[in-house]
Amino acid sequence: MENNRRDWLKKISVGVVGLGLVPFETFALPTDHFPEKESKDTPVRLSSNENPYGPSKAAKTAMIESITLSNRYGWELSSELVNLLGVKNKVNLNNILISAGSTEILDLVSQFAALQKGNLVIADPSYGYWTDTAEKLGLTKIKVPLTADKKIDLPKMLSSITADTKLVYICNPNNPTGTICERNDLIQFISQASKNSIVLVDEAYIDFTDQESVSHLVLENKNVIIAKTFSKVYGLAGARIGYAIANSSTIEKLSELQTWANGAVSVVSTAAAIASLKDENFVNETKALNQKTRDYTIAELEKLNISCIHSNSNFIYFSLKNYKKDFFHQLEVNNIIGTKIYEEEGKWSRITIGKKEEMQKFIASLQ
Ligand SMILES: Cc1ncc(COP(=O)(O)O)c(C=O)c1O
C-alpha cells in the first residue's frame, strides 16, 4: 500500500528525459503528464500541493514578454524583485536572498549549519526530504513526534535540542498535516531555540492562512532564517523561484555558499515572480477557492468515515483507519495521483486540494 517515493521515482525515472532522480515527490513525472490540452486521460495530480489555478494571467504575460531578455543576465530584474520582497516582508534589501525554489534555501541552510558538525531537530512527520542531504553533509537527525492532534510539539522540540544542535526546522503550516503553530507560541519558541542554533522557519504555505509571517524577527536575530516560495499560492512551482529572509549578516554567510548570489533563477521566472507579487487578486481568488474546495472535500471525506485534521493549507491530512477499500488502488484505477502513508499507525495520508471538479472525481473514486 505504501507508495515509497524513492522506489517510485526509480521506477518512473526510466521515462524521464534529463531529470533522473530528483528530490521531490512528483517532479520526475514523464513529460506526457503535461499534454498541450487536458483530456479525459490526463491524470489528476493531487500529490505535490501545487496550485491548480496558476500561474496568474499577469505572470504568464510577464513570462512571455521576458523571453526576449533571456540572452542577458538578469541583474536588473533580480534587483527589482529583491526590492519588492523587502517591501512585502517589511525588511531591508540585504535581508533577502533569491533562490531556485525554496528547496535551494533549505539546501543552503543545511550546508551552512553543517559547517560545524552536529544535529538537526525536526518534527515527525514534517517536510523532511531535504534532511537526507543534510544528513549526508554530517548533521544527524533528531525527530520529534507531533502531538496527538498532529500539531508540532513546540515544548518537546525545545527539550530535544542538545548542546550539539545546529539547526531546528519548523514548517508552519506543517506539511503533511496542515496544522499551524500559534504565532505567539512560535515567537516564544524561536527566542529560546535560537540561542545556540539556527531556527529555520519554512513558510511555504503561510499564504493560505491569515497568520502573519515572523519575518520581523530577522532584523534582531541572526539565528532565524525564513524560507519562502512562489511554488504554492503563486502557482509557479515549475518556474523554480523562492527566497530566504534572514539577518543581513546571515544572508551574507548564506550567499558565500552560492557562487553567484541571487543568480540561480532565470529572467523568465524572475519576471513571473515580480508580476505575481503585483497581482493580489490572483492570490485572494486562489485562497478563497482553496478554502471552499477544502471545506467540500473534508465534508465528503468525513461522510466516508475518513477523519481529517483541520487544515490551514492547500492539502488535507486524513486517517484511512476506518476506510474499508484499498485507497491507493481506488486512486490508481481512477487515474488520480496521491501521496503515501505517512504514519503506519492510524494510516495517515495526504491529498492536495485541486479544482472542485478534481476533488469531486477524487471523492467519487473512493465511494
Ligand atoms: C514545506 C515545503 N517546503 C518547501 C518545499 C519546496 O518547494 P519549492 O522548492 O518548490 O519552493 C515544499 C514543496 O512541496 C514544501 O512542501
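The values are calculated or read from the model by the stated rules, or taken from the named source; none is laboratory data. This one's a predicted model, so the numbers in the text were calculated from it and none came from an experiment. When we count neighbours, we look across all protein chains shown, and the Cβ atoms used for this are built from the backbone with ideal geometry, even at glycine. The protein model used for the area step is the full one, side chains on, heavy atoms only, and it has no ligands, DNA or RNA in it. Shrake-Rupley method; radii C 1.70, N 1.55, O 1.52, S 1.80 Å.
Place +1 on the Cβ of every Lys and Arg and -1 on the Cβ of every Asp and Glu in the chain, take the dipole about the Cα centre, and give the residue among S194, S313, I341 whose Cα lies farthest towards its positive end. It is I341, whose Cα lies furthest towards the positive end. Of the heavy-atom accessible surface of segment 258-348 (probe 1.4 angstrom), what whole percent is carbon and sulfur? C and S fraction of accessible area: 47 percent. If you average the alpha carbon positions of segment 133-173 and of segment 233-276, how far apart do those two centres end up, in angstrom? Computed from Cα coordinates, the inter-centre distance equals 25 Å.
Dipole check for segment 172-252: with +1 at the C-beta of Lys and Arg, -1 at the C-beta of Asp and Glu, and the Cα centre as origin, the magnitude is about 240 Debye.
Once the other residues with Cβ under 15 Å from the Cβ of M157 are scored (Lys, Arg +1; Asp, Glu -1), what is the net sum?
In short, +2.
Every Cα-Cα pair in the chain was counted, and those over 33 Å apart are 28% of them. Taken about its Cα centre, the chain carries a charge dipole of about 280 debye when Lys and Arg each add +1 at the Cβ and Asp and Glu each add -1 at the Cβ. Measuring against 25 Å, Cα to Cα, the residue pairs K90/K278; K88/K253; K232/K253; K166/K228 contain K232/K253 as the ones spanning a longer distance. Surface exposure of the chain, expressed per residue as accessible area with a 1.4 Å probe, stands at 47 Å². Taking every DSSP beta bridge that has both ends in the chain, the antiparallel portion is near 45%.
Given the options S79, N89, N51, identify the residue whose Cα lies farthest towards the positive end of the charge dipole of segment 49-93 (+1 on Cβ of Lys, Arg; -1 on Cβ of Asp, Glu). The residue sitting farthest along the positive end of the dipole is N89.
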